[in-house]
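First comes the structure, then the notes that go with it.
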Amino acid sequence: MRTMKRLGVPFLAVSVLLGVGACSSGPPSGPVNLPAGFDLQAHRGGRDERPENTLPAFAHALALGVTTLEMDVVITADGVPVVSHNSRVFWYLARNEWGRFLTVEEEPDIRYMTVEDLKRFDLGEMSPDAPYGYWDAHGKTQTPVPGTEMPTLEEVFRLVRDWGNDDVFFNIETKSTPYLVNPANPSPAEWVEKIYGLAVEYGVEDRLMFQSFDWRTIREMKEVDPRVATVALTAHQPSWNVEGDEGDYQWRESGEASPWMGGLNLADFGGSAVRAAAAAGADVYSPYYKEVTPAVVAEARELGLRVVPYTVNDADQMRALIDMGVDGIITDRPSTLRTVMAELGLPLPDADPAPDGKPYFTR
């Protein structure tokens with residue numbers, strides 16, 4: 001069993017930190033809470049093994065044994081953090097009340113829906129017709145769990161509590177955009193209030209990692225509680241725009257400050273995204289895995305940052321990155337990464353010794 005220092009914060013203190021109640025003398029102090037050992041992160045709960053970002057996926061990861069549950073959060077119209085990678089419910093991941101996969105035209109925007117509305121969709125199976133090779137990449141190996149609803153973040157915290165797991169970390173991504181084009185996008189302060197406040201309520205703030213491509217939110221998190229590990233996600237992949245993603249979060253070619261990096265300009269950091277992440281107050285640098293080099297790892301070490309790349313699903317690529325010295329890996333295939341770690345003699349996070357009968361566990 002891993003051992004780590006637990007730093008509790010009373011609920012009243014949280015109210016003060018978030019601007020509710022009496023005046024605060026300042027944020028809490030202490031060391032940054034980070035997991036011990038190599039950080040095996042189950043991306044979206046491990047989407048190649050169970051339906052992504054669902055309670056069955058997180059339960060499977062707990063049973064398997066991972067260091068960290070990685071997930072994404074969107075805030076609903078009624079102000080509830082729910083777990084979803086996108087602000088829309090993609091048609092190929094959701095069936096309606098009549099058991100039919102949605103069409104593109106029917107994809108709802110989570111930000112304009114209530115939790116009750118969202119609970120009507122069945123997210124327990126992927127459509128084989130998913131675009132961009134998504135089925136071949138992630139659906140073929142996934143065990144479907146029909147009848148699965150979109151979880152709230154509170155339900156994830158409750159699941160881990162009910163499993164009796166006091167070790168696993170939560171790496172929670174704010175699906176925030178820096179562009180002021182949609183009033184439904186919460187402010188950085190609201191992202192922190194919703195996620196951190198809930199983490200404190202469930203007593204897991206010392207196992208919280210707060211990640212985003214929108215670095216404004218990780219800066220805000222540091223203002224509230226510097227002990228929470230902040231993770232600077234980034235990528236320089238313009239080709240991702242084909243699939244509707246931003247892709248280039250660094251604005252490397254434009255010579256301008258990137259709104260994604262909190263208004264920082266790479267030119268001011270010698271073109272180094274690692275140095276920019278350090279300036280933004282990040283504790284972990286989390287790039288697209290193809291952008292990791294020995295030089296990137298060495299630079300991060302010099303600046304005191306950990307390196308945890310995403311999303312690595314090939315065993316040979318995992319070995320190569322571990323050989324470079326990365327501190328962890330975010331993967332859709334936590335079973336594969338456990339195998340690689342065992343082969344290399346790395347200590348493994350504890351598997352649950354008796355998962356049968358626990359909430360949302362599936363074989």
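Read-outs: derived from the displayed coordinates by stated rules, not from any lab. Quantities reported herein were computed from a predicted structural model and do not represent experimental measurements. We place every Cβ from the backbone using ideal geometry, glycine too, and count neighbours over all the protein chains shown.
Assorted remarks:
- For LEU264, net neighbour charge (Lys/Arg +1, Asp/Glu -1) across residues whose Cβ lies under 13 Å away: +1
- Cα centroid separation - the stretch 323-363 against the stretch 43-104, whole Å: 19
- All lysines inside 23 Å of LYS358 as judged from Cα atoms, apart from same-chain residues fewer than 8 positions distant: LYS119
- Among MET150, MET209, MET113, residue whose mean-square fluctuation peaks in a GNM of the chain (springs only between Cα atoms under 10 Å): MET113
- Annotation: amide H of THR311 within the under-5 Å range of TYR289, sequence separation 5 or more or interchain, hydrogens built in the peptide plane.
- For LYS140, a cut-off of 16 angstrom between C-alpha atoms picks up these aspartates and glutamates, skipping any fewer than 8 places away in its own chain: ASP48, GLU49, GLU52, GLU125, ASP129, ASP314, ASP332.
- The candidate values are (1) 53, 51, 46; (2) 105, 60, 37; (3) 82, 53, 34; the one derived from this structure for Cα extents along the principal axes in Å carries the label (1).
- From the alpha carbon centroid of the stretch 143-178 to that of the stretch 280-300 is 26 Å.
- Within the shell of other residues whose beta carbon sits under 15 angstrom from the beta carbon of ARG333, the net charge comes to -3, with Lys and Arg scored +1 and Asp and Glu -1.
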